[in-house]
Amino acid sequence: AREALKRVEPGHRLILDTGTTTLELAHLLRDYRDVTVITPSLAVASILQFPRDIQTILLGGIFRQGSADLTGAVTEGNLEVFSVDILFQGADAIGLDGTLYNGDFRIAKVDQKMRKRAQFTCILADSSKIGGTALVTNGYLCQIDALITDEKILLEDVKRFCETGVSVITVPVPR
């Protein structure tokens, strides 16, 4: 999340997806000025509801059972009116072939719509997500601009992913 924060500038319009790393990014954004954040996450919205210099837009939609995330046709439709500078998105898994996975088909569909609204897309995923799969394919690394992950990613995976055109940024594992 700290590495992602380096890409945010005053005046930026952002989408923060659901997930633990984007939630941490929301915490770090609280002291920023002149930023607009669009999100389907009630957790992200609740963190950003008080800072005076951050405009927060909650996308609306249907509650996803067992989470504080919104999804569905309303969420997808609301995304259509926005244009953002950066999308920060998670992934439940990233296949070694560069396939992005999500465990819920409704969230996968929202993720796809988000990417169409962003000038720059950054996936935030720790190395434990590399090499796995989940229920639904929602895209490919070749559709992404940057992947921020931790230094535990294998060097051969970094090379493989860079061949798709994505910039792979590794950060130290928090101690």
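The values are calculated or read from the model by the stated rules, or taken from the named source; none is laboratory data. The structure displayed is predicted, hence computed values, not measured ones. In this analysis, Cβ positions are derived from the backbone assuming ideal geometry, glycine residues included, and neighbour counts consider all displayed protein chains. Just so you know, the surface numbers come from the protein's heavy atoms only, side chains and all, with ligands and any DNA or RNA stripped out. Shrake-Rupley method; radii C 1.70, N 1.55, O 1.52, S 1.80 Å.
Taking all Cα pairs closer than 8 Å and separated by 6 or more residues, the relative contact order of the range 43-87 comes to 27 percent. At an R0 of 30 angstrom, the distance between the Cβ atoms of residue 133 and residue 80 translates into a FRET efficiency of 0.55. The chain: longest stretch without exposed GluC sites (Glu not before Pro) (DSSP loop, at most 12 other Cβ within 10 Å), sites themselves excluded? The segment 1-79 is the longest one with no such site.
Between the amide H of residue 87 and those of 15, 120, 121, 122, distances stay under 5 Å, these residues lying 5 or more places away or on another chain, with hydrogens modeled in the peptide plane.
Residue order by solvent-accessible surface for 27, 12 is 27, 12, largest first, with ligands and nucleic acids left out and a 1.4 Å probe. Proximity of backbone amide H atoms, modeled 1.01 Å from N, is registered between residue 37 and 14, 55, 56, 57 at under 5 Å, excluding neighbours fewer than 5 places apart on the same chain. Rolling a 1.4 Å probe over the protein heavy atoms gives the chain an accessible area of 50 Å² per residue. Relative to the longest principal axis of the Cα atoms of the chain, the long axis of helix 105-117 lies at roughly 80 degrees. Against the chain, whose longest principal axis is taken from its Cα atoms, helix 20-29 shows a tilt of about 50°.
Considering the zone a paramagnetic label at residue 142 would reach in this model (a point 7 Å from Cα along the Cα-to-Cβ line), which residues of the range 149-168 have amide N under 16 Å from it? 160-167, by backbone N distance to the label point. Working from Cα pairs under 8 Å separated by at least six residues, relative contact order for the range 111-166 is 41 percent.
Label residue 24 and residue 62 with points 7 Å out from Cα along Cα→Cβ: what is the distance between them in nm? The answer from the label model is 3.2 nm. Per-residue extension of 0.36 nm, minus the Cα-Cα distance of residue 5 and residue 175, leaves a gain of 59.3 nm for this segment.
Between 28, 155, 59, the residue with the greatest mean-square fluctuation in the GNM of the chain (Cα pairs under 10 Å linked by springs) is 155.
Scaled against 2.2 N^0.38 Å for its residue count N, the alpha carbon radius of gyration of the chain is 0.97. If the segment from residue 164 to residue 105 were pulled out straight at 0.36 nm per residue, it would be longer than the present Cα-Cα gap by 18.8 nm.
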